[in-house]
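To start, the structure under review is shown below, and the notes come after it.
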Amino acid sequence: TVYYASMIIELCKLQSTVHAPLGAAINYLFDAIPVLQVECIDRILNWLSFHFSNFEFKWLWSDWVDAASQQHHAPQRRFVVCLLER
């Protein structure tokens, strides 16, 4: 999985046209978190923490601001907390 994550990072660095579709895919996955299996969420967390750390955690965090007002154990809120902890 590190190979694929590294490939996506290199694509983002070389082709700015990748940013919008990748961002849309990440938001799609974030929206699906409440219905995803735990293993899938964990793999997404591993990938995104690696990916975001390579881009100084630059992200449109305002897209996910609603997660902050969710209950403490809500899946999307836990996802954001775990992502930032990794």
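Out of all the residues in segment 54-75, is one or more more than 16 Å from Tyr4 (Cα to Cα), of a type in the set (Lys, Arg) and within 14 Å of the chain's Cα centre (by Cα)?
Yes.
If a residue has to be out of contact with any helix residue (DSSP H, G or I) (no Cβ under 8 Å at 6 or more places or on another chain) and either part of a helix (DSSP H, G or I) or closer than 23 Å to Ile9 by Cα (or both) to count, how many in segment 69-86 make the cut?
Result for segment 69-86: 5.
Has segment 45-52 got at least one residue that is over 26 Å from Glu10 (Cα atoms) and open to solvent by less than 70 Å² (accessible area, probe 1.4 Å)? If you could, list the steps in order and put the result at the bottom.
So in segment 45-52, the residues over 26 Å from Glu10 (Cα atoms) come out as none.
No, that holds for no residue.
Within the group Asp31, Asp42, Asp66, which residue is open to solvent by 80 Å² or more (accessible area, probe 1.4 Å), at pLDDT 95 or above and part of a helix (DSSP H, G or I)?
Asp31
Condition (residue is at negative phi and touching a residue at least 40 places away in the same chain (Cβ under 8 Å)) applied to segment 57-68: is it met by at least one residue?
Looking for residues that are at negative phi and touching a residue at least 40 places away in the same chain (Cβ under 8 Å), one finds none in segment 57-68, hence no.
The values are calculated or read from the model by the stated rules, or taken from the named source; none is laboratory data. Given the structure is predicted, the values throughout are model-derived calculations rather than measurements. Every residue, glycine as well, gets a Cβ built from its backbone with ideal geometry; the counts of neighbours run over all protein chains shown. Heads up: the accessible areas ignore ligands, DNA and RNA and are worked out on the full protein's heavy atoms, side chains in. Shrake-Rupley method; radii C 1.70, N 1.55, O 1.52, S 1.80 Å.
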